[in-house]
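Asker: First the structure, which I've put down as structure tokens, then a few questions once you've had a look.
The numbers here are math on the coordinates, done by the rules we state, and not lab data. The structure presented is a predicted model; accordingly, all values stated were derived computationally and were not measured. Don't worry about glycine lacking a Cβ; one is built from the backbone with ideal geometry, like all the others, and counts go over all protein chains shown.
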Amino acid sequence: MSRSLFRYRKATALGFSRVLQDNVEPFRLNMEMKLGALVSVNVTTRKYSSTKKFDYMDLTRPHTWYPLARKKVRKVILHVGPTNSGKTYHALKRLESCSSGIYCGPLRLLAWEVANRLNKAKVPCDLITGQEREEVDGAKHKAVTVEMADVVSDYECAIIDEIQMLGCKTRGFSFTRALLGISADELHLCGDPAVVPLIQEILKVTGDDVKVQSYERLSPLVPLKVPLGSFSNIRKGDCIVTFSRREIYRLKAKIETGGKHLCSVVYGSLPPETRTRQATMFNDATSEFDVLVASDAIGMGLNLNISRIIFSTMQKFDGSEMRDLTVPEIKQIAGRAGRYGSHFPVGEVTCLDPEDLPLLHSSLKSPSPTLECAGLFPNFDLIFMYSRLLPQSGLHEILEHFLENAKLSENYFIANCEEVLKVAAYIDELPLGLQDKYLFCISPVDMNDDISSQGLTQFAQNYAEKGIVRLKEIFTPGTLQVPKTLVALRELESIHKVLDLYVWLSYRLEESFPDRELASSQKAICSLLIEEFLERLGWQNPGAKRLRPRRSLTSLLSQNVRQHL
Ligand SMILES: Nc1ncnc2c1ncn2[C@@H]1O[C@H](COP(=O)(O)OP(=O)(O)OP(=O)(O)O)[C@@H](O)[C@H]1O
Ligand SMILES: [Mg+2]
């Protein structure tokens, strides 16, 4: 059964939201989908329909786009259960013991964690994310972010972690691509039980052999009957969760002013390496930073030494309105407390506001709603073929038409393309080919961040005009400073995003973006300056206890970084 896209706009999602990232591997198209296939166009009504079996808008059989995976009967093992039940642990144990393998995770932090773990266990493992390629001699294993999942090689074993994210409005399509496209003898999927019926349904047509392995939580998670009460009740190992950056810093200051604790912070727009170091500092039992103030950026798969999660609010702004947290979000976040093997064998969870307790308690008892649809997104090949029907149109128009006319089966929805369309509208003004335009559209730009979107427009403009983009033309190395205010901090976070975007583009347009090394070293400086700011904040609070001497920034800058200053 085919349906049009827009009925799926509100299709099921677990509430996760992030900008679209890279989708570098071209789809391997169904052999039936060849250039020159018959497609009829009714120009006056601008409705497009297929006359024969070749129909570029027909996305009802996405499993046929991956011939390599379809040559195998894959042994698919669905590891499902609550948070902290050992799902990822068991899948990784299997990956380690296989001769070749790939781990696909939803976060750069998780890909880093897995690459480190495998390399420590003497299983050489490459790390590949949109912005990093760390290759290890002799590696037959890879840890990647899901957008970089490899669908053109054969593996003995593959893992897709947090598979329920295939219902995510913006990133779900990358999970679907990995699910259908990875060619592995064994495919391990880890996630929430709510995903089981959908995966079974989707994989009915692939002929794969699907087994479900269920897990129980390894250590107890106790929802407390009372709220936190006074901030003087904050203790070592607590993590306060809130969703705005301003609130994060307000709570950090409030706790530190009490003079008993210093706080690490983790939130989405902090550079990933800063997030890792803040989390490491909190995890380190000897560090003075013994309380964590975080957003839902901690909510997925990470292993932190948290004893108690305290929700400062049960509402978050989702881009258009304030809404209650969903059951899966509450369970994911609460599940960070009392991780098995951490310093705190029993996890606790509570709220600041007593009125939030009923929602917290009922959510922790409820199963997550069953997922109904998985995301899809047209890759460049599909858009290119479709563009032949609209030779005079820009990418924005082509995309809009494609999205309006795409036919989907009931198990799928099309990704939310608002961000992509925003970039397309701008990029269409520039004299660029369709492929270049598509690339800029799927780049990890944050169009809601002025500096980040200005960075993208500047890069695209320089690229269109000169074919080469030198970083120094738009950014002067040596000018970065430790921020003195939260406004300056936000600016530095945005500059980091621009540099990150440059690195991302440099991996895809290597000759035109030649300054990857400089961009990477400036990124490292940004995160060190941000960390310096975070540590100084702790120092400035009059009541805060004395810290060991801080690391000086200069001593932290490696030779490699300094040579660019
Ligand atoms: N059998 C085991 N022996 C030792 N450690 C284990 C075992 N099982 C799990 N762990 C450890 O327990 C912690 C939680 O396990 P894991 O990360 O696999 O949980 P999960 O079910 O994937 O949780 P989430 O849903 O939050 O991703 C990890 O630190 C993991 O290394
Ligand atoms: Mg996990």
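Asker: No partner Cβ under 4.7 angstrom, meaning no disulfide-compatible partner by this rule: which Cys of the chain qualify?
Answerer: For the chain, the answer is 104, 125, 168, 190, 239, 263, 351, 373, 417, 441, 526, because their Cβ atoms have no other cysteine Cβ under 4.7 Å.
Asker: Sticking with this one: If I fit a long axis through the Cα atoms of helix 272-283 and take the longest principal axis of the Cα atoms of the chain, what angle between them do I get, 0 to 90°, rounded to 10?
Answerer: Tilt of helix 272-283: around 40 degrees.
Asker: If you take the beta carbon distance between residue 116 and residue 448 as r and set R0 to 45 Å, what does 1/(1 + (r/R0)^6) give as a FRET efficiency, to the nearest 0.05?
Answerer: Using R0 = 45 Å, I get an efficiency of 0.90.
Asker: Is it possible to state the helix-based mean residue ellipticity at 222 nm for the chain, with each DSSP H run of 4+ residues giving -39500 (n - 2.57), the sum divided by total residues, to the nearest 500 deg cm²/dmol? What is it?
Answerer: Rounded to the nearest 500, it is -10500 deg cm²/dmol.
Asker: Another one. If I take all pairs of Cα atoms in segment 248-399, what percentage of them are more than 23 Å from each other?
Answerer: Tail fraction, whole percent: 51.
Asker: Amide H of residue 184 versus every other amide H placed in the peptide plane: which residues, excluding those fewer than 5 positions away on the same chain, fall under 5 Å?
Answerer: Long-range HN contacts for residue 184: 155.
Asker: Another question, if that's okay. With each pseudo-label sitting 7 Å past Cα toward Cβ, what's the residue 400-residue 216 distance in nm, one decimal?
Answerer: 5.6 nm
Asker: Here's another thing I want to ask about it. To the nearest 20 Debye, how big is the dipole of the chain about its Cα centre, given +1 on the beta carbon of each Lys and Arg and -1 on that of each Asp and Glu?
Answerer: 960 debye
Asker: Okay, next question. Taking segment 385-483 as the region of interest, what is the percent of Cα-Cα pairs per 10 angstrom bin, listed from the shortest bin to the one with the maximum distance?
Answerer: For segment 385-483, the binned pair fractions read 13, 39, 29, 13, 5, 1 percent.
Asker: Once you put a point 7 Å from the Cα of residue 457 and another 7 Å from the Cα of residue 355, both along the Cβ direction, what distance in nm separates them?
Answerer: If labels sit at residue 457 and residue 355, their model points lie 4.1 nm apart.
Asker: Could you check the spin-label model distance between residue 287 and residue 392? Points 7 Å from the Cα along Cα→Cβ, value in nm.
Answerer: 6.0 nm
Asker: Could you calculate the FRET efficiency of residue 346 with residue 472 from 1/(1 + (r/R0)^6), where r is the beta carbon distance between them and R0 is 45 Å, rounded to 0.05?
Answerer: That gives a FRET efficiency of 0.25.
Asker: Mind jotting down the distance between the C-alpha centroids of segment 466-480 and segment 87-127, whole Å?
Answerer: Each part's Cα centre sits 36 Å from the other's.
Asker: Could you give the angle, 0 to 90 degrees to the nearest 10, between helix 418-427's Cα long axis and the longest principal axis of the Cα atoms of the chain?
Answerer: Once rounded, the angle reads 70 degrees.
Asker: Grab the beta carbon distance between residue 226 and residue 324, set R0 = 30 Å, and tell me the FRET efficiency rounded to 0.05.
Answerer: 0.90
Asker: Which Cα, out of 80, 340, 366, lies furthest along the positive dipole direction of the chain (beta carbon charges, K/R +1, D/E -1)?
Answerer: With unit charges placed on the Cβ atoms, the residue in question is 340.
Asker: Name the long-range amide H neighbours of residue 213: under 5 Å, sequence gap of 5 or more, or other chain; modelled H, no Pro or chain starts.
Answerer: 78, 79, 80
Asker: Two decimals is fine: what is log10 I(q)/I(0) at q = 0.05, 0.07, 0.12, 0.13 Å⁻¹ for the chain, from a Debye sum with one equal scatterer on every Cα and no solvent?
Answerer: -0.21, -0.42, -1.28, -1.49
Asker: Then there's this: Going down the list 437/497; 204/365; 142/472; 252/316; 87/142, which pairs span over 26 Å between their C-alpha atoms?
Answerer: 204/365; 142/472
Asker: Please report how far the C-alpha centroid of segment 254-298 lies from that of segment 189-209, rounded to the nearest whole angstrom.
Answerer: Comparing the Cα centres of segment 254-298 and segment 189-209, I get a distance of 37 Å.
Asker: Under 16 Å from a label point 7 Å along Cα→Cβ of residue 511: give me every residue in segment 413-452 with its amide N that close.
Answerer: Inside the label zone: 433, 436.
Asker: Please list 369-379, 69-79, 310-320 highest first by mean number of surrounding beta-carbon atoms within 10 Å per residue.
Answerer: 369-379, 69-79, 310-320
Asker: Can you list the HN-Hα couplings for segment 493-505, worked out from phi with the Karplus curve (6.51, -1.76, 1.60; θ = phi - 60°), rounded to whole Hz and with x for Gly and Pro?
Answerer: 4, 5, 4, 4, 4, 5, 5, 4, 5, 4, 4, 4, 5
Asker: Classify segment 246-330: rounded, prolate or oblate, from the alpha-carbon gyration tensor (a ≥ b ≥ c, eigenvalue square roots; a/c under 1.5 rounded; otherwise prolate if a/b is larger than b/c)?
Answerer: Prolate is the answer for segment 246-330, as a/c is 1.5 or above and a/b outweighs b/c.
Asker: Order the peptides 470-481, 189-200 from the highest to the lowest mean number of other Cβ atoms within 10 Å of their residues.
Answerer: Top to bottom by mean Cβ count within 10 Å: 189-200, 470-481.
Asker: Here's a follow-up. Can you tell me how much longer the chain between residue 365 and residue 280 gets when fully stretched, taken as 0.36 nm per residue apart minus their C-alpha distance, in nm with one decimal?
Answerer: 27.5 nm
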